[in-house]
Amino acid sequence: MVSSERSVWQAWINGRWTDSISGQKFSVDEPATGLRLAEVSKLSSEDVDQAVSIAKRQFDSQQWSGISATARGKVLYRLATLIHDNADVLAQWETRQGGKTFQDSLDEVHTAADCFEYYAGAANKIFGHTIPVSAKGLDYTLRVPVGVVALIVPWNFPFLITAWKVAPALAAGNSVIVKPASYTPLTALALGELTAEAGIPDGIFNVTPGPGSEVGEALVSDPRVDKIAFTGETTTGTRILQLAAPGIKRVSLELGGKSPTIAFSGIDIERFAKLAVQSAYGNAGQDCCARSRVLVERKILEPFTEAFVRNVKSLSVGNPFDPHTAVGPLVSQAHRNRVSHYIDLGLEEGGTLAMEPEDRNVPEQGYYLAPVVFTNVNSQMAIVREEIFGPVSSIQAFDTEEEAIRLANDTPYGLAGSIFSNSVGQALRVAAAVRTGVMSVNSIKSVHLEAPFGGFKQSGLGRELGMEAFDHYTETKNIFVSLDD
Ligand code: NAD
């Protein structure tokens, strides 16, 4: 069972809690209070070297990759059940370390368990092909595990994104090393104990907390690590690609976003303004799929803006354990400063705030920030082009479908987006034309465990989730068998 009391956390390596070689620790704060929550072992490249040796040795032993895919699936199913059983405690840690509302944390943990269930069932459905080659013989492909995979995770959905990567990687038979974000390492570490309880052999699942610049880079650079699956900022993704290049490592990247909502005339304004607000301010806007650019057809600009701003004003900001809270604190003081800086910049650039942040009742202790909405913006402004990753959105008007598509695409990112329209034809035309990896029509849902997820352009490389995730976690091996005697 996951403990709800622990204040000192070690790394999880080779099936047990493990101190850093140096004995150093770093602290994790509680964003809701700004107070220290836990001390965590701070690993270095020396610790990574040991963790990779163990993961490689265990991979080579075939204790995991060598059992049947059905048997692996059964272990993953047990893990899913353990996660559901421990959801309350895991969600408490998730909220305490990251600041998201407790209900969101509970949803996140149960969805992570569902992800393990999905890949438990998928493990024995990773099929190869038989190929009618012209030579006289049987040609077929096998999907074999890649080997040791390093999974580098951000702080905004720490447990869920860990699950997105760990579940398919383990289902395919790999050894994994998770590098959690330093603000939020606790729930990935807690997963360690559950993997042991579920029956995953020692050294197949490891968690190495520590600075990205040292632990992350050591993992990416280690020649024994065969694949990197990274979620985080686009700039970090660029660095990872550079470090991975000499070893020709397999790399998949889930990066930043600046996603649009596109609202056309004729829609139910109250219903869709509310949805647009949820998608921009959920998780305090710290969501790669946040629809932080709201594009509205000029015919409905005024009523839509009024409804949108009214809904933002009604979001209650406060203690994430209070069931009435919609927006909790941001993850850290540094991140709050960064988001505040963007608000100042937006004003300097000539944007107009639809409401004054000072009017909001926001707790003084902790890393809270009142949500804001900018109007009077254009696509050249930094607040419209760059990912802010906080409770900030902007509203822009368009006159035609073509202009809506042009504005939607006028960004280096291409992750997600929503179209609100009463016309099926219009919705399908725009959904196809917007250059993003996922689009939702009359919905704000971007992620389905069963469907591929990922970005165009600078939002990423490759797709996670669904059966497509196995493209990252397996190598295709072609075998030809001569039929000649
Ligand atoms: P980040 O890039 O700062 O850190 C992500 C992870 O990478 C952390 O574990 C960090 O320690 C590690 N890291 C940092 N520098 C590294 C380096 N040089 N080498 C190896 N690892 C390194 O990102 P973040 O601030 O934790 O997360 C927010 C970002 O993540 C946003 O840009 C957001 O859009 C993105 N994100 C994308 C998706 C998606 O699916 N596309 C999902 C969630 C978050």
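Restricted to the range 296-322, and to residues that are closer than 23 Å to ALA408 by Cβ, surrounded by 24 or more Cβ atoms within 10 Å (Cβ to Cβ) and not β-branched (Val, Ile, Thr), which residue is farthest from the ligand (Cβ to nearest atom)?
PHE304
Residue by residue, here is whether (1) buried (at least 23 other Cβ atoms within 10 Å of the Cβ); (2) on the phi < 0 side of the Ramachandran plot; (3) hydroxyl-bearing (Ser, Thr, Tyr); (4) within 11 Å of the ligand (Cβ to nearest atom) holds:
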{"residue": "TYR183", "(1), (2), (3), (4)": "no, yes, yes, yes"}
{"residue": "LEU186", "(1), (2), (3), (4)": "yes, yes, no, no"}
{"residue": "GLY192", "(1), (2), (3), (4)": "yes, yes, no, no"}
{"residue": "PRO209", "(1), (2), (3), (4)": "yes, yes, no, yes"}
{"residue": "LEU243", "(1), (2), (3), (4)": "no, yes, no, yes"}
{"residue": "ILE248", "(1), (2), (3), (4)": "no, no, no, no"}
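Can VAL75 be described as crowded, with 19+ Cβ neighbours inside 10 Å and either modelled with pLDDT under 95 or out of contact with any Gly (no Cβ under 6 Å at 6 or more places or on another chain) (or both)? Outline the logic, then answer.
On the way: crowded, with 19+ Cβ neighbours inside 10 Å: yes; either modelled with pLDDT under 95 or out of contact with any Gly (no Cβ under 6 Å at 6 or more places or on another chain) (or both): no.
Spelling it out, it is not the case that VAL75 is crowded, with 19+ Cβ neighbours inside 10 Å and either modelled with pLDDT under 95 or out of contact with any Gly (no Cβ under 6 Å at 6 or more places or on another chain) (or both).
Looking for whichever is surrounded by 24 or more Cβ atoms within 10 Å (Cβ to Cβ), closer than 24 Å to THR476 by Cα, in the same structural domain as ALA229 (by TED's automatic domain parsing) and free of Cβ contacts under 8 Å to residues at least 60 places away in the same chain here; the options are PHE127, PHE59, PHE116. Which one fits?
Working: PHE127 fails: surrounded by 24 or more Cβ atoms within 10 Å (Cβ to Cβ); PHE59 fails: free of Cβ contacts under 8 Å to residues at least 60 places away in the same chain.
Selected residue: PHE116, the only one of PHE127, PHE59, PHE116 that is surrounded by 24 or more Cβ atoms within 10 Å (Cβ to Cβ), closer than 24 Å to THR476 by Cα, in the same structural domain as ALA229 (by TED's automatic domain parsing) and free of Cβ contacts under 8 Å to residues at least 60 places away in the same chain.
Scan the range 337-378 residue by residue and report those that are without any contact (Cβ under 8 Å) to a residue 40 or more places away in the chain and either aromatic (Phe, Trp, Tyr) or within 16 Å of the ligand (Cβ to nearest atom) (or both).
Result: ASN337, HIS341, PHE374.
Take the residues of the range 222-234 that are under 28 Å from ASP287 (Cα atoms) and within 12 Å of the ligand (Cβ to nearest atom): which is nearest to the chain's Cα centre (by Cα)?
As a first pass, look at the range 222-234 and keep what is under 28 Å from ASP287 (Cα atoms): 227-234.
Okay, now just the ones that are also within 12 Å of the ligand (Cβ to nearest atom), so 228-234.
On the way: ILE228: 15, ALA229: 11, PHE230: 9, THR231: 6, GLY232: 8, GLU233: 11, THR234: 13 Å.
Ranking the candidates gives THR231 first.
Are there any helices (runs of 4 or more DSSP H) wholly within the range 137-248 with 1 or more residues that are within 17 Å of GLY462 (Cα to Cα) and touching a Ser or Thr at 6+ places or on another chain (Cβ under 8 Å), and if so which? Don't jump to the end; show me each part of the working.
Working: elements: 158-171, 186-198, 217-221, 234-244.
Counting at least 1 such residues, we get 158-171, 234-244.
Run ILE479 past the list (1) part of a loop (DSSP other than H, G, I, E, B); (2) surrounded by fewer than 17 Cβ atoms within 10 Å (Cβ to Cβ); (3) hydrophobic (A, V, I, L, M, F, W, C); (4) in contact (Cβ under 8 Å) with a residue 60 or more places away in the chain and report the number of the one that doesn't hold.
Status for ILE479: all satisfied but (1).
Given (1) of a type outside the set (A, V, I, L, M); (2) assigned by TED's automatic domain parsing to the domain that holds THR101; (3) farther than 21 Å from GLY203 by Cβ, identify the lone condition not met by SER3.
Evaluating SER3 over (1) of a type outside the set (A, V, I, L, M); (2) assigned by TED's automatic domain parsing to the domain that holds THR101; (3) farther than 21 Å from GLY203 by Cβ leaves (2) as the failure.
Answer with yes or no whether GLU297 is of a type outside the set (Gly, Ala, Ser), without any contact (Cβ under 8 Å) to a residue 12 or more places away in the chain and out of contact with any Lys or Arg (no Cβ under 8 Å at 6 or more places or on another chain). Lay out the reasoning, then the answer.
On the way: of a type outside the set (Gly, Ala, Ser): yes; without any contact (Cβ under 8 Å) to a residue 12 or more places away in the chain: no; out of contact with any Lys or Arg (no Cβ under 8 Å at 6 or more places or on another chain): yes.
Answer is no for this residue.
The values are calculated or read from the model by the stated rules, or taken from the named source; none is laboratory data. What you are looking at is a predicted structure, and each value in this text was computed from that prediction instead of being measured. Every residue, glycine among them, receives a Cβ derived from its backbone with ideal geometry; neighbour counts consider all protein chains shown.
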